[in-house]
Amino acid sequence: MKSIASLVHIDIIYGMNLAFIRYFLAVAETGNFTTAAERCHVTQPTLSAGVARLEDEIGGRLFERGRRATLTPAGQKLLPHARAMVEAWQLARAEQRSSRRQRLVRMAIGTTLPIQTAMNWLAAAQRRIAFDVEVSEGTADIVQERWRRGRCDLALFPTREPIAAGNAAQLLREPYVLAAATDHRVATRDRWSIKDLGDAPFVVRAACEATDEATKRFAAEGVRPRVVLRSADEERCAAAVLAGLGVSLMPRSLVRPGMAAAEIREVSLERRVMLAWRPDTDPEIASVLREAASGDDRLAFAR
């Protein structure tokens, strides 16, 4: 069996596909080949083949395959070297990029996404590759339209329907839940029916992509919720819920500490969070943003 040190030296000299190292790290961190493939945005057979190539180079197995993939002694020896290789590559790439004129990336973000998480994600991407960013915001429909018309370089937005496009990637598929303060009566149960909520005051998130559909489903049950606040400002809506003024239908990623989440039996709705880019956007920047959404600096909504 080749020593790990000599393997790393050979890889650096002969340029072994760094993607194989990333595949190895993803499996080591997730313990699952399928989950690792999703993180790396490749198919599971592609990832497995890459790991097999590494095992051929080392001359031994890196993982014990079972319900959970666990590192063998050879895998444990490779792990710190693999991390160092990826970190060294990222540092070299960042230094090279910083020596050039940084590109301005125009980013449009939907207002119903958790903004702190989105800002942390952008900052994580900038630590990996140098670029300047200019952020604008709008409703999901407005942001999606900007992307389709090429009026922004990248767009982060939620959608109720899947988008099949080569320049768009789904980061998350999440359900809508009924959010309430932890001391609210709605927090006492995990599931409610619409009729049970007939007298509950509601905080309506006016920019929510699912509001119209949810309203129709309440109407079909003969219930018209009493609205205590209707606002497109997510911070105001969250404050009202946390204060106990009312409950609100929101995607799970917007549920905050101090809130409890429950299901509404007749309202089984979900949304997708999409990252989309112009066809002429720097592919490296788009790739780094996808990686930042699912790597060590992962987005809360890329779980």
- Task: List the equivalent ellipsoid semi-axes of segment 17-107 in whole Å, largest first, each obtained as the square root of 5λ for an eigenvalue λ of the Cα gyration tensor.
- Result: 28, 16, 11
- Roughly how big is segment 48-127's charge dipole about its Cα centre, with Cβ charges of +1 (Lys, Arg) and -1 (Asp, Glu), in debye to the nearest 20? 340 debye
- Message: Could you sort the peptides 24-34, 190-200, 127-137 by per-residue average Cβ neighbour count (10 Å cutoff), highest mean leading?
- Response: 24-34, 127-137, 190-200
- Query: Helix 115-128 versus the longest principal axis of the chain: what is the Cα-based angle in degrees, 0 to 90, to the nearest 10?
  - Reply: 10 degrees
- Diffing segment 265-275: the Karplus 3J(HN,Hα) column from phi (6.51, -1.76, 1.60, θ = phi - 60°), in whole Hz with x for Gly and Pro, holds 3, 8, 10, 9, 10, 8, 9, 10, 9, 10, 10
- Using a 1.4 Å probe on heavy atoms of the protein chains only, the accessible area for residue 208 in Å², nearest 10, reads 10 Å²
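Could you work out the relative contact order of segment 157-230, using alpha carbon pairs under 8 angstrom and six or more residues apart, expressed as a whole percent? Provide the component values of the computation, followed by the final result.
On the way: 43 pairs, mean separation 24.4, N = 74.
Once normalised by length, the contact order is 33 percent.
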- Item | Gyration tensor verdict on the chain (Cα atoms; rounded if a/c is under 1.5, prolate if a/b is larger than b/c, oblate otherwise) | prolate
- Note on the structure: With +1 at each Lys and Arg Cβ and -1 at each Asp and Glu Cβ, the charge dipole magnitude of segment 175-239 around its Cα centre, to the nearest 20 debye, comes out at 260 debye
- Message: Defining a contact as two alpha carbons under 8 Å apart and six or more residues distant in sequence, what relative contact order in percent does the chain show?
- Response: 20 percent
- Find the accessible area per residue for segment 190-240; the probe is 1.4 Å, ligands and nucleic acids are left out, and the unit is Å². 56 Å²
- segment 120-255, convex hull of Cα, quarter of hull surface, nm² -> 10.2 nm²
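Percent of accessible area on segment 150-203 owned by carbon and sulfur, 1.4 Å probe? Could you put the intermediate results ahead of the total?
Numbers: 1030 of 2380 Å².
Taking all protein chains in place, segment 150-203 shows 43 percent carbon and sulfur surface.
Under a point-charge model restricted to the Cβ atoms of Lys and Arg (+1) and Asp and Glu (-1), what is the dipole moment magnitude of the chain relative to its Cα centre, in debye to the nearest 20? Write out the running numbers ahead of the final one.
On the way: 44 positive and 37 negative charges, 26 e Å.
For this selection, approximately 120 debye.
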- In order through segment 226-237: 3J(HN,Hα) via Karplus (6.51 cos²θ - 1.76 cosθ + 1.60), integer Hz, x for Gly, Pro: 7, 9, 9, 7, 10, 8, 8, 8, 5, 5, 5, 5
- Amide proton proximity set for residue 137, modelled H, under 5 Å, gap of 5+: 109
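What translational diffusion coefficient, in µm²/s and rounded to a whole number, does the Stokes-Einstein relation yield for segment 171-225 at 20 °C and a viscosity of 1.002 mPa s, taking the hydrodynamic radius as the Kirkwood radius over Cα pairs?
Numbers: Rh = 12.6 Å.
Taking Rh from Cα pairs, D becomes 170 µm²/s.
Based on the alpha carbons, how large is the Rg to Rh ratio for segment 209-260 when Rh follows Kirkwood? Could you put the intermediate results ahead of the total?
Numbers: Rg = 11.7 Å, Rh = 12.1 Å.
On the Cα set of segment 209-260, Rg over Rh gives 0.97.
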- Among 229, 239, 186, which residue has its Cα positioned farthest towards the positive end of the charge dipole of segment 168-288, with +1 placed on the Cβ of Lys and Arg, -1 on the Cβ of Asp and Glu, and the dipole taken about the Cα centre? 186
- Give, to the nearest whole percent, the P(r) tail of segment 32-191 beyond 26 angstrom, counting all Cα pairs. 53 percent
- Averaged per residue, what accessible area in Å² does segment 23-155 show with a 1.4 Å probe, protein chains only? 53 Å²
- Long-range amide H partners of residue 230, meaning residues 5 or more apart or on another chain whose placed amide H is closer than 5 Å, are 204
- How far is helix 44-58 tilted, in degrees, relative to the longest principal axis of the Cα atoms in the chain, given as a value from 0 to 90 rounded to the nearest 10? 30 degrees
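Counting only protein heavy atoms, what percent of the accessible surface of segment 209-252 is carbon or sulfur at a 1.4 Å probe?
Working: 1220 of 2500 Å².
Carbon and sulfur atoms account for 49 percent of the accessible area of segment 209-252.
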- Taking amide H positions as placed 1.01 Å from N in the peptide plane, with prolines and chain starts having none, which residues 5 or more places from residue 274, or on another chain, fall under 5 Å of its amide H? 157, 159, 171
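The values are calculated or read from the model by the stated rules, or taken from the named source; none is laboratory data. None of the values given here were measured: they were computed from a predicted structure. A quick note on method: Cβ atoms are made from the backbone with ideal geometry, for glycine too, and the neighbour counts reach across all protein chains shown. Heavy atoms of the whole protein, side chains included, go into the accessibility calculation; ligands, DNA and RNA do not. Shrake-Rupley method; radii C 1.70, N 1.55, O 1.52, S 1.80 Å.
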